[in-house]
Amino acid sequence: MSSVLAKYRQTFLVGLQSNLIYRWNFAARGGFELFHLAVVFVLWGAAFAGTPVIGGFDFGQTFTYFTTILVLQFFIGAFNEDYQISEEIRNGLINQFLLKPVNYFLYRFSIFSAARLVSGALVLVPLALALPIIGRRMEFPHEAWRLGLGLPALGLAALIQFSIAYCFGLLTFWFLEIQGFVILSLAFESILGGQIFPLDLMPARWFHVAQFLPFYYQMYFPAAILTGRIGGASALRGLGLELAWVLILLGFTQFLWRRGLRRHTAVGG
């Protein structure tokens with residue numbers, strides 16, 4: 001077990017070093033996201049101009065939600081893992097993993113974790129600079145249980161994010177180009193993941209349906225726990241559904257991997 005852990009720990013460290021090379025790219029993207037946050041501030045400020053409360057939450061709580069979503073995108077969001085996996089399959093680089101005692105899923109997840117650690121740490125820099133301005137507008141709840149449930153929800157959300165990206169990457173075994181699938185997935189994630197608006201503002205029927213989809217748990221669910229948009233009973237029930245989706249997606253990744261290898265022709269690598 002220790003040798004296995006050492007193997008993927010080394011992969012994580014290599015991924016950390018390689019992503020640090022692009023640290024200015026992540027920092028620039030984090031700075032641009034502050035501009036996006038400013039746009040959110042203006043738009044939702046206009047929405048709250050005529051009413052102090054929308055959907056049971058005031059402007060400060062809503063702005064806190066979007067700020068949390070922004071940070072979570074850098075800590076748990078899958079940026080281009082699907083395209084990286086696709087390139088390794090197309091170029092034959094994946095062949096090296098077929099003859100070595102390396103689990104490709106764990107290998108890619110180690111690199112994903114390293115990349116998210118770098119991008120997450122770097123987005124905190126511009127956020128810290130903006131904190132004196134935006135800090136007085138933010139309203140986090142004070143219940144300790146939210147952190148206790150929020151952290152596991154974040155870990156499971158990262159697994160869902162990566163597993164979906166991994167599945168799309170494996171589609172290269174069947175399709176030469178996966179861009180259309182990825183764009184479609186991003187559209188669903190943006191809307192049903194709560195990145196455009198908090199999902200609790202949806203009609204009750206649609207919000208109930210959204211809770212049974214994996215997109216709900218990619219961003220909205222952990223952000224809703226940490227920012228007080230859902231209660232304890234809903235958080236516990238959601239955590240169980242989130243775990244169920246993790247298991248389903250992990251099983252589906254293995255299914256696609258096994259079926260894909262049957263179609264794979266080992267050329268190059």
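None of the figures in this text is laboratory data; all of them are computed from the coordinates on show. Keep in mind it's a predicted model, so treat the numbers as computed, not measured. Glycine also receives a Cβ, built like all others from the backbone with ideal geometry; neighbour counts cover every protein chain displayed.
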Separation between the Leu117 and Glu139 pseudo-spin-labels, each 7 Å from Cα along Cα→Cβ, expressed in nm?
3.7
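Once you list every other residue whose beta carbon is under 13 Å from the beta carbon of Ala78, what net charge do they have if Lys and Arg are +1 and Asp and Glu are -1? Numbers along the way, then the final one.
Numbers: positive: Arg108, Arg116; negative: Glu81, Asp82, Glu189.
Net of charged neighbours comes to -1.
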Estimated inter-spin distance, Val42 and Arg263, nm [label 7 Å along Cα→Cβ]:
4.6
GNM flexibility winner over the chain from Tyr107, Tyr220, Tyr166 (Cα, springs under 10 Å):
Tyr107
Once Lys and Arg get +1 and Asp and Glu get -1 on their Cβ, which of Gln254, Ser234, Pro203 lies farthest toward the positive end of the dipole of region 175-269?
Gln254
Counting Lys and Arg as +1 and Asp and Glu as -1, what is the net charge of the other residues whose Cβ lies under 13 Å from the Cβ of Pro214?
-2
Counting only DSSP loop positions in region 124-181, the trypsin sites (Lys or Arg not before Pro) whose Cβ has at most 15 other Cβ atoms within 10 Å are none
GNM of the chain, Cα pairs under 10 angstrom: of Leu127, Leu241, Leu184, the biggest fluctuation goes to Leu184
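Helix-derived [θ] at 222 nm for the chain: sum -39500 (n - 2.57) over DSSP H runs of at least 4, divide by residue count, nearest 500?
On the way: 10 runs with 191 residues, N = 269.
Helix-only estimate at 222 nm: -24500 deg cm²/dmol.
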In whole percent, the Cα-Cα distances of the chain spread across 5 Å bins from 0 upward as 1, 5, 11, 15, 18, 16, 13, 9, 5, 3, 2, 1, 0
